[in-house]
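Written out below as structure tokens is the structure these notes cover.
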Amino acid sequence: MNGAFYIGAVGLDAQQRALEVIANNVANINTTAFKRSAVRFSELAAPLRDGDDLAISRTGPATLQGVALSGTPLVWTQGALQQTGQQFDLAINGDGFIELAGPSGHSLLWRGGTLKINGDGLVATADGTPLRAMIAVPQGTGTLTIGNDGKVSAITGGDSTAQQIGQIDLVTAKSPDALADTGNGYFEADDESQLATVSPGEEGSGVLVQGSLESSNSQLADEMTNVLLAQRAFGANAQVVQAGDQIMSIVNQLRR
């Protein structure tokens, strides 16, 4: 069987998956604190051969030749900070994540966004997931202030003096590539992430910025360029398949 079919098919699959990644980046250009995914390709190994230079039949990726999509790592560059002036908008200027208490107490990492006071009176994300710091807001609070150092203060009722009600620390990951995107702006860590809890502004971490939101780090111009490159590569692989088909057609028409 003509190997051009397999080489072209593997390339077509890789470029199709690359286009799906790019499409997701474009769809989230306006998503707060979204981190775009990059596309990495790798060369597949040629099939094993015996002493007579004949391919040994076996299944699996090692029998394929060509270029395949090997990974879609997240790009951790920071998006631009957009000032909103809203007290419940929170961003991180620099490295680090805010730790959340996810379902069943499972830890989630968050780059910031819009906060709210959930039904239990705790500072939480827009969908009600509380911060790991479990900051309870007194009833009648009129103003909530979050300092760059993570100190959370509240002014209640007739009291004109702000009282500290909690502290938001940051979590840094020594190996951020090990973090998994679980959707809704949340990331999940495994043992390889090597997390550390630090105070904002210390040990290379960023600081908290109240009244601002971090924009997506996905740029339309860059993504459209990547679309054009993927389309050209897709077309080139399609021509490889077409060339293989033409060769097979010529062979079938040969006469002795």
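Every number in this text was worked out from the coordinates using simple rules, so none of it is lab data. No experiment lies behind these values; they were computed from the predicted model shown. Note that we place each Cβ from the backbone using ideal geometry, even for glycine, and neighbour counts take in every protein chain shown.
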Note to self: Cut-off is 10 Å between beta-carbons; in what order do F88, F97 appear when sorted fewest neighbours first?
What the structure shows: F88, F97
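At R0 = 35 Å, how high is the FRET efficiency between M134 and Q83 if r is their beta carbon distance? Nearest 0.05 is fine.
Result of the calculation: an efficiency of 0.80.
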Next item on the list: Read phi for every residue in segment 151-163 and hand back ³J(HN,Hα) as whole Hz from Karplus 6.51 cos²θ - 1.76 cosθ + 1.60, θ = phi - 60°, with x for Gly and Pro.
Entry: 6, 10, 10, 9, 10, 10, x, x, 7, 9, 9, 6, 10
Checklist line | 14 Å beta-carbon shell around V227, net charge (K/R +1, D/E -1) | finding: 0
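Based solely on its DSSP helices, what 222 nm [θ] is calculated for the chain when runs of n ≥ 4 H residues each add -39,500 (n - 2.57) and the sum is averaged over all residues, nearest 500 deg cm²/dmol? List each step's numbers first, then the result.
On the way: 2 runs with 58 residues, N = 256.
Taking each H run of at least 4 residues, the total per residue is -8000 deg cm²/dmol.
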Notebook entry, point to check: In whole Hz, what ³J(HN,Hα) sequence does segment 132-141 give by Karplus (6.51, -1.76, 1.60; θ = phi - 60°), x for Gly and Pro?
Noted result: 4, 5, 6, 8, 8, 9, x, 5, x, 5
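Using only alpha carbon pairs under 8 Å that are at least six residues apart, calculate the relative contact order of the chain and give it in whole percent. Don't skip to the answer; put the middle values down first.
Values: 525 pairs, mean separation 68.2, N = 256.
Answer for the chain is 27 percent.
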Note to self: At a threshold of 8 angstrom on Cα-Cα distance, excluding pairs fewer than six apart, so keeping six or more, what relative contact order does segment 81-214 reach in percent?
What the structure shows: 33 percent
Check: Which ³J(HN,Hα) values in Hz, rounded to whole numbers, follow from the phi angles of segment 85-97 under the Karplus curve 6.51 cos²θ - 1.76 cosθ + 1.60, where θ = phi - 60° and Gly and Pro get x?
Finding: x, 8, 5, 9, 8, 9, 10, 10, 9, x, 7, x, 9
Check: So which lysines pass the test for K151, namely a Cα distance under 23 Å, with those fewer than 8 places away in the same chain ruled out?
Finding: K116
Notebook entry, point to check: In degrees, nearest 10, range 0 to 90: what is the angle between the Cα axis of helix 3-27 and the longest Cα principal axis of the chain?
Noted result: 20 degrees
Note to self: Which residue fluctuates most in the GNM of the chain (Cα springs below 10 Å): Q246, Q167, Q231?
What the structure shows: Q246
Margin query: Using a Cα-Cα cut-off of under 15 Å, which aspartates and glutamates could be cross-linked to K174, ignoring same-chain neighbours fewer than 8 residues away?
Written below: D95, E188, D190, D191, E192, E202, E203
Next item on the list: Taking the Cβ of Q194 as the centre, find all other residues whose Cβ is under 12 Å away and add up their charges (Lys, Arg: +1; Asp, Glu: -1).
Entry: -3
Check: What angle, in degrees between 0 and 90 and rounded to the nearest 10, separates the Cα long axis of helix 220-252 from the longest principal axis of the Cα atoms of the chain?
Finding: 20 degrees
Note to self: Place a point 7 Å from Cα of D13 in the direction of its Cβ. Which residues in segment 237-256 have their backbone N less than 20 Å from it?
What the structure shows: 237-245
